[in-house]
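Encoded as structure tokens, the structure appears first; notes follow it.
No lab work stands behind these numbers, since they all come straight from the coordinates. Predicted model only: the values in this text are computed from it and were never measured. Cβ: placed from backbone, ideal geometry, glycine included. Neighbour counts: every protein chain shown.
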Amino acid sequence: MADASGRAQAPRPASGAGSLRVGRLTKPHGLKGGVKLELFTDNPELRFTPGAVFYLQVPEDSQWFGRTITMRELRWFNEAPVGFFTEVPDRTAAESIVRAILWIDEEAVAEGQEDDAWYDHQLVGLQVVREGANGPEVLGKVAEVQHFPAQDLITVTTANGPVLVPFVEAIVPSVDLEAGVMHVTPPAGLFEELEPAEGEDPA
């Protein structure tokens, strides 16, 4: 199944309301089932330990839909993390699971303190702010967080319509929950393209 933009739908796994996403599998590494990881945590030694169980967010037509994987070992190659999992014994299996998002359940979340991760409900409603020439500029508010195998997107409600912002550090460098602010450094045109054309009635 795909949405209107052609992106494959990948429902959030049934890991509980207090669950947390901690990483994404990006590409196979070697022939023994290793998979490179994109980490969504500053504490991989806390989350990616032998025996840790991860719920998979993948498209519904994936052979991995509804399954979990168990970590055997986390290794570092040229400062890049590579995970080895019990259910992923070889490169063929690794190739079939790439782009999966990894979630931990509520119990695992409670076992450790996460320094740089947020629940979706904490982000919704935050003001989205960009530093402009005349100081901070409020662009809109976070309406939704969308999780896709390739990339997460933040839906920002603005005066001229919704804007989809890639939820990556280069564009969203910081989130201040206490202040209720998400700081963004969007590429040129991301927000401006929705502004009314000159002479057009903004209503």
Task: Ala133-Thr68 FRET efficiency (beta carbon distance; Förster radius 35 Å; 0.05 resolution) - done: 0.10
Task: Cα→Cβ-extended label distance, 7 Å offset, between Trp76 and Glu95, nm - done: 3.0
Task: Label-to-label distance, nm, for residues given as Thr49 and Ala188 (7 Å Cα→Cβ offset) - done: 4.9
